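The structure appears below as structure tokens.
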Amino acid sequence: MTTEAAPTAVRDDIDARPGSTASLLRTLIGLYLRPLGGWISAAHLVHLAGELGIPAAQARTGVTRLKQKGLLLAERGETAGYRLNPEALPMLERGDRRIFTMRQMGDTDPWCLVSFSIPESARSVRHQLRRRLQWIGAGVVSPALWICPGHLRDEATQILEELGARQWATLFDAVAPAPAGTLVEAAAQWWDLGALRTEHLAFQASLSTLPPEPFAAYVHLLDRWRVLPYTDPGLPASMLPADWPGARSVERFTALSAELSAPALAHVRAVTAAAVDRADTPDPAVADRR
């Protein structure tokens, strides 16, 4: 058995558009390589991607790109295959906590404020920091003062450290915002609630187009849902409009996930237990050099 050396730590991919080849493959790998023991044959991975509507050639190209990003390592045992990069486990576990347990704040839950003053010589860092704070659901009080739920404090700290910006930032624990107007008005200023509403309604509408087979339906469900637990901070009800659709999205996702997860995993185990078609399985190391 030969395995290539692991690259550097793997970060969350916030650019993969849900429904794209990259996004569906990441969702597939994140869901199933761990229960499969961390390894899958190239043939089985391409086969499962095909069940998601990804043509074989496109799937192989997508897998190669994920390998280049460090999510997978080429490993040949009895046949060509891929192993999950151990460095990706913290990222996947962080995603699990967000995706499967979306937290809703209460009125007495703590907040975290992130204040920063980054010099013009590091403006690219400032841009990345704002982008990544927005990705975890932080709101903009002012350009250099951001607010997020207290349970995201560690994630905010990690972002600052990864970007080398910790020296320019101060984090504050806060009990309750006290804006000039109402909390609902403040939330509408600090977060783009209109865009979040659109995302929730689009997710709910997309559920009517899930594939009929449990495996494909479950992967597509997770892929369509995975962005919302990041961009929606789970604000207290007192800060949201009365007709906020977030609770309905959580309810629908939770119910469908409970219905589909077990038969989907059983299908993956059945597929990966079948014999590999060696004639249609290029060695990943060879394919990557093409």
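The values are calculated or read from the model by the stated rules, or taken from the named source; none is laboratory data. Because the structure is predicted, anything quoted here is derived from the model rather than measured. Note: ideal-geometry Cβ built from the backbone for every residue, glycine included; neighbour counts use all protein chains shown. SASA here: full protein model, heavy atoms, side chains in, ligands and nucleic acids out. Shrake-Rupley method; radii C 1.70, N 1.55, O 1.52, S 1.80 Å.
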Practice task
Quick one: which residue in 38, 30 is at pLDDT 85 or above and under 20 Å from residue 98 (Cβ atoms)?
Solution key: 30
Practice task
Name every residue in the stretch 246-276 that is part of a loop (DSSP other than H, G, I, E, B) and surrounded by fewer than 13 Cβ atoms within 10 Å (Cβ to Cβ), in order of residue number.
Solution key: 274, 275
Practice task
Run residue 67 past the list (1) over 20 Å from residue 221 (Cβ atoms); (2) touching a helix residue (DSSP H, G or I) at 6+ places or on another chain (Cβ under 9 Å); (3) modelled with pLDDT of 95 or more and report the number of the one that doesn't hold.
Solution key: (3)
Fill in the blank from the handout: Requiring at least 3 residues that are modelled with pLDDT of 95 or more, the helices (runs of 4 or more DSSP H) wholly within the stretch 185-245 are 193-206, 214-225
Completion exercise
Among 71, 33, 48, the single one that is open to solvent by less than 10 Å² (accessible area, probe 1.4 Å) and free of Cβ contacts under 8 Å to residues at least 60 places away in the same chain is 33
Completion exercise
In the stretch 52-66, anything open to solvent by 70 Å² or more (accessible area, probe 1.4 Å) and either among the acidic types (Asp, Glu) or under 18 Å from the mean Cα position of the chain (by Cα) (or both) is listed as 65
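Here's the yes/no breakdown for (1) in contact (Cβ under 8 Å) with a residue 24 or more places away in the chain; (2) within 20 Å of residue 247 (Cα to Cα); (3) open to solvent by 70 Å² or more (accessible area, probe 1.4 Å):
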site: 121; (1), (2), (3): no, no, yes
site: 128; (1), (2), (3): yes, no, yes
site: 154; (1), (2), (3): no, no, yes
site: 157; (1), (2), (3): no, no, no
site: 180; (1), (2), (3): no, no, yes
site: 188; (1), (2), (3): no, yes, no
site: 192; (1), (2), (3): no, yes, yes
